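The values are calculated or read from the model by the stated rules, or taken from the named source; none is laboratory data. Predicted model only: the values in this text are computed from it and were never measured. Note: ideal-geometry Cβ built from the backbone for every residue, glycine included; neighbour counts use all protein chains shown.
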Amino acid sequence: MAKVLIVDDSPTEVHVLQTMLTKNGHEVVVATSGEDGVDMAKSEMPDLILMDVVMPGMNGFQATRALTKDPDTQHIPIIIVTTKDQETDRVWGLRQGAKDYITKPVDSTDLLTKITAVI
């Protein structure tokens, strides 16, 4: 299965997503900030990134833009996973280079379907 990088500053959200993914055979690595997410994407080269938006420092939109503009990481698909449920946020996230956008609380079937579609 896939190696998935979860970038989220909420321990609860990380736990929920990590449990969902490991139950389905995925390997999970975690970063707790946008900056760490960018660094870990470069060092771990995951198959997929699940990116939160609201984080201190570099937010998820900024991290997504940085990763999709970098030749070393631009091939890694990013799904934004966030509480921001406005259509303008979804459009902005996709314009930063994300392949998909899902709002919290995450439905496991929906998430796994989106993951399968992008990797």
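What the table shows:
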{"read-out": "Matching residues, the range 26-43, being more than 22 Å from T103 (Cβ to Cβ) and either modelled with pLDDT under 95 or in a helix (DSSP H, G or I) (or both)", "value": "E35, D36, V38, D39, M40, A41, K42, S43"}
{"read-out": "Counted residues, the range 44-89 - those being of a type in the set (D, E), surrounded by 13 or more Cβ atoms within 10 Å (Cβ to Cβ) and in a helix (DSSP H, G or I)", "value": "2"}
{"read-out": "Yes/no for G93 being touching a Ser or Thr at 6+ places or on another chain (Cβ under 8 Å), part of a helix (DSSP H, G or I) and over 19 Å from P11 (Cα atoms)", "value": "yes"}
{"read-out": "Top-ranked residue of the range 90-113 - restricted to ones that are touching a residue at least 40 places away in the same chain (Cβ under 8 Å) and more than 18 Å from Q18 (Cα to Cα), ranked as surrounded by the fewest Cβ atoms within 10 Å (Cβ to Cβ)", "value": "G93"}
{"read-out": "Boolean, D100 is at pLDDT 95 or above, charged (D, E, K, R) and under 12 Å from the mean Cα position of the chain (by Cα)", "value": "yes"}
{"read-out": "Residues of the range 70-102 satisfying the condition of being closer than 18 Å to G34 by Cα and among the hydroxyl-bearing types (S, T, Y)", "value": "T73, T82, T83, Y101"}
